[in-house]
Amino acid sequence: MSDTKYIFVTGGVTSSLGKGIIAASLAKLLQARGYRTTIQKLDPYINVDPGTLNPYEHGECYVTDDGAETDLDLGHYERFLNVRTSQANNVTTGRIYQSVIEKERKGEFLGKTVQVVPHITNEIKERIQILGNSGDYDIVITEIGGTVGDIESLPYIESVRQLLWELGEHNGIVVHLTLVPFLSAAGELKTKPTQHSVKTLMESGIKADILVCRTEHQISEDIKEKLALFCNVRKEAVIQSIDASTIYDVPLLMQEEGLDTVTLQKLNLPDDKEPNLDQWKEFLQRHKNPKDKVTIGLIGKYVELPDSYKSIQEAFIHAGAANEVDVEVKSIHSEHLSAKNIAKKLEGLDGILVAPGFGERGIEGKVTAVKYARENNIPFLGICLGMQMAVIEFARTVLGLEKANSTEMDKGTPDPVISLMEEQKSITDMGGTMRLGAWDCHLKEGSLVKEVYGTSDIEERHRHRYEFNNQYKEQMEEAGLVASGLNPKTGLVEVVEIPSHPWFVGVQYHPEYKSTVASPHPLFVGFVKAVLDHKQE
Ligand code: GLN
């Protein structure tokens with residue numbers, strides 16, 4: 001066994017307490033003290049990965065460099081830590097079972113009856129230790145999805161119990177996140193739900209080492225003492241986590257409460273070095289003191305749930321701070337847009353972003369929004385489906401190919417300007433069959449994107465099936481839509497731009513996945529700058 005230390009983060013009382021943010025904040029503090037830290041999320045649902053989940057149900061699907069379709073919490077981990085995650089950082093029950101069943105089919109269990117304990121739990125323990133055994137990390141934080149007491153979580157909780165025993169004291173600890181609700185009728189904070197959830201953990205043989213208590217009001221010393229006594233933890237290990245105005249405040253709030261110090265003490269690691277958070281604080285300073293404000297329209301079809309475009313929203317926060325400007329992102333439903341109402345609906349926007357997406361619903365609205373941005377010289381960024389819509393709009397309006405479309409939306413279109421590559425045509429499975437993960441892209445000399453990136457060779461993450469159809473490339477370029485980024489091996493078009501427009505870029509990849517606090521994405525930084533210039537004109 002390696003000497004990596006493990007921190008397990010569990011949740012009690014209710015879901016949506018922000019375990020991902022607490023885990024990322026703790027990781028940030030440990031990283032800022034010099035510990036090589038990573039975070040992993042175990043999700044108790046049976047989907048093999050979140051790739052096939054509806055964004056309305058689960059928020060955005062986040063994609064890693066190695067092409068894993070993962071939970072959006074991994075986005076927070078990367079944005080906070082500026083460390084790349086991979087398939088190993090997100091495991092679902094579906095994946096665990098898939099792998100155990102595959103082993104059973106191969107006869108690897110030698111005729112034994114395959115059971116939740118020990119076969120599923122062994123598989124879970126192995127997955128938890130993969131990151132630790134890589135030798136790349138001093139500390140691995142494992143976030144257990146769901147709420148303790150859930151039927152689905154039981155095998156995970158049992159695996160954590162076994163691992164804690166195997167790792168031995170000070171090598172693994174449990175941080176339990178709970179809710180301390182405020183009852184306005186009684187005018188007080190209530191500790192009972194927390195006591196119950198700690199008890200539920202105890203029934204599974206796990207003692208919480210640290211309690212992080214989500215609250216809307218300050219938790220008094222008395223209440224901390226009460227929680228400590230009844231939940232069997234030291235008072236210093238009762239950490240208040242009060243609602244913050246931005247998630248990026250949470251690491252500093254956790255530091256004030258001493259979460260990192262008590263964690264290191266419990267793990268028997270030196271806690272004398274102060275965390276270096278200079279860069280983080282500088283970012284917050286710029287984020288909170290903008291010199292100007294811009295409004296960008298986010299044209300999409302999952303706008304009712306802001307989590308559907310989480311990484312885009314966060315990338316704008318990073319790019320806003322870099323430009324010292326407050327970026328207000330106005331969500332606009334593409335289904336409600338038409339040539340008639342477009343001017344009214346997009347009135348007052350300083351920039352327009354057309355979002356990624358799948359399927360036919362709302363796409364004509366997206367095409368209309370592209371047309372409006374292109375014809376009115378409004379800075380435009382199209383991402384994935386947004387780029388495809390930009391190509392379709394250009395083909396229809398400028399090339400006069402009125403029925404141009406993507407074969408995703410119209411199989412029989414006479415002008416399939418966006419289509420499947422030959423080798424993809426026979427694929428029928430929905431899960432994991434897209435062009436996923438990081439691909440190389442070469443940017444054209446003299447292009448806007450080359451200037452924005454400040455380099456010619458980039459690597460960006462993809463998640464799509466359909467591609468720009470190269471048969472139309474020459475025609476498009478002659479008419480003014482230039483393919484300014486190409487995959488150097490396949491020649492697939494990754495970026496298009498319109499040089500005669502002040503700032504018009506469409507990218508087949510998802511730049512938003514790679515934007516972090518420490519390294520805001522150049523395309524978002526450049527876009528926000530163009531939007532600001534446009535507004536100030
Ligand atoms: N639906 C499009 C495709 O599959 C775009 C996907 C996306 O925007 N992520 O190619």
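The values are calculated or read from the model by the stated rules, or taken from the named source; none is laboratory data. Here the structure is a predicted model, which is why all the values come from computation and not from measurement. FYI the Cβ positions are ideal-geometry reconstructions off the backbone, even for glycines, and counts take in every protein chain you see. Surface accessibility is based on the protein's heavy atoms, side chains included, excluding ligands, DNA and RNA. Shrake-Rupley method; radii C 1.70, N 1.55, O 1.52, S 1.80 Å.
Would you please put 387-394, 461-468 in order of how densely packed they are, using the mean number of other Cβ atoms within 10 angstrom per residue and starting with the highest?
387-394, 461-468
If the only charges are +1 at each Lys and Arg Cβ and -1 at each Asp and Glu Cβ, what is the size of the charge dipole of the stretch 234-385 around the Cα centre, to the nearest 20 debye?
My answer is approximately 720 debye.
For the stretch 60-117, which chymotrypsin sites (Phe, Trp or Tyr not before Pro) are both in a DSSP coil and crowded by at most 12 other Cβ atoms within 10 Å?
none
Determine the distance separating the Cα centre of the stretch 297-329 from the Cα centre of the stretch 11-50; give it in Å without decimals.
With the stretch 297-329 and the stretch 11-50 each reduced to a Cα centre, they are spaced 22 Å.
On a C-alpha basis, how far is the centre of the stretch 362-382 from the centre of the stretch 226-272 in Å? Whole number, if you could?
Each part reduced to its Cα centre gives a spacing of 47 Å.
Please give the helix 278-288 orientation as an angle from the longest Cα principal axis of the chain, in degrees from 0 to 90, rounded to the nearest 10.
60 degrees
Can you give the translational diffusion coefficient of the stretch 437-498 in µm²/s, computed by Stokes-Einstein from the Kirkwood radius over Cα pairs at 4 °C and 1.567 mPa s?
108 µm²/s
For the Cα atoms of the chain, what angle does the longest principal axis make with the long axis of helix 221-231, in degrees from 0 to 90, nearest 10?
Here the helix axis deviates by roughly 70 degrees.
How big is the Cα convex hull of the stretch 162-251 in projection, averaged over all directions, in nm²?
6.8 nm²
So which trypsin sites (Lys or Arg not before Pro) in the stretch 224-292 are both in a DSSP loop and have at most 15 other Cβ atoms within 10 Å of their Cβ?
Those satisfying the criteria are Arg234, Lys273, Lys291.
For the stretch 50-201, just say rounded, prolate or oblate: build the C-alpha gyration tensor, square-root its eigenvalues into a ≥ b ≥ c, call rounded for a/c under 1.5, and beyond that prolate if a/b exceeds b/c, oblate if not.
prolate
Fully extended, how many nm does the chain gain between Thr14 and Gln475 (0.36 nm per residue separation, minus their Cα-Cα distance)?
So the extension gain works out to 160.3 nm.
Based on DSSP H runs of at least 4 residues, each adding -39500 (n - 2.57), what is the mean residue ellipticity at 222 nm of the chain after dividing by all its residues, to the nearest 500 deg cm²/dmol?
That calculation yields -10500 deg cm²/dmol at 222 nm.
If Val303, Val9 are ordered by their accessible area, calculated over protein heavy atoms with a 1.4 Å probe, which sequence runs from highest to lowest?
Of Val303, Val9, the descending order of accessible area is Val303, Val9.
Could you pull out every residue, at least 5 positions away or on a different chain, whose amide H is within less than 5 Å of the one on Gly11? Hs are placed 1.01 Å off N in the peptide plane, and Pro or chain starts have none.
Val148, Leu177
For the stretch 238-247, in order, what is each residue's ³J(HN,Hα) by Karplus, 6.51 cos²θ - 1.76 cosθ + 1.60 with θ = phi - 60°, in whole Hz (x at glycine and Pro)?
Residue by residue, the stretch 238-247 yields 9, 10, 7, 10, 8, 3, 10, 6, 9, 4 Hz.
Treating the angle as unsigned and between 0 and 90°, give the value, to the nearest 10°, between the Cα long axis of helix 385-397 and the longest Cα principal axis of the chain.
Once rounded, the angle reads 10 degrees.
Farthest toward the dipole's positive end in the stretch 407-537, which of Ser519, His464, Val493, given Cβ charges of +1 (Lys, Arg) and -1 (Asp, Glu) about the Cα centre?
Ser519
Could you pull out every residue, at least 5 positions away or on a different chain, whose amide H is within less than 5 Å of the one on Ser331? Hs are placed 1.01 Å off N in the peptide plane, and Pro or chain starts have none.
For Ser331, the qualifying residues are Leu298.
What figure, in Å² to the nearest 10, do you get for the accessible area of Arg361 with a 1.4 Å probe and non-protein molecules left out?
Here the residue's solvent-accessible area equals roughly 100 Å².
If you stretched the chain out fully between Trp165 and Ile130, how much longer would it get, using 0.36 nm times the residue separation minus the C-alpha to C-alpha distance?
10.8 nm
Could you rank His176, His196 by how accessible they are, 1.4 Å probe, largest area first?
So, going from the largest accessible area down, we get His196, His176.
What is the stretch 1-42 by shape, rounded, prolate or oblate, if you read a ≥ b ≥ c off the alpha carbon gyration tensor as root eigenvalues and call it rounded for a/c under 1.5, prolate for a/b larger than b/c, and oblate otherwise?
oblate
So which of Lys344/Lys411; Lys450/Lys529; Lys5/Lys235; Lys19/Lys366 end up more than 25 Å apart, counting from Cα to Cα?
Violating the 25 Å Cα-Cα cut-off are Lys344/Lys411; Lys19/Lys366.
Counting only protein heavy atoms and using a 1.4 Å probe, what share of the accessible area of the stretch 492-537 belongs to carbon plus sulfur, as a whole percent?
Answer for the stretch 492-537 is 53 percent, counting heavy atoms of protein chains only.
At a threshold of 8 angstrom on Cα-Cα distance, excluding pairs fewer than six apart, so keeping six or more, what relative contact order does the stretch 20-71 reach in percent?
23 percent
In the calculated pair distance distribution of the stretch 348-466, what percentage of Cα-Cα distances lie above 21 Å?
Considering the stretch 348-466, 47 percent of its Cα-Cα pairs are separated by more than 21 Å.
When only Cα pairs under 8 Å and 6 or more residues apart are kept, what is the percent relative contact order across the stretch 1-109?
Contact order relative to length: 27 percent.
Give me the dipole magnitude in Debye, nearest 20, for the chain about the Cα centre, with unit charges on the beta carbon: positive for Lys and Arg, negative for Asp and Glu.
620 debye
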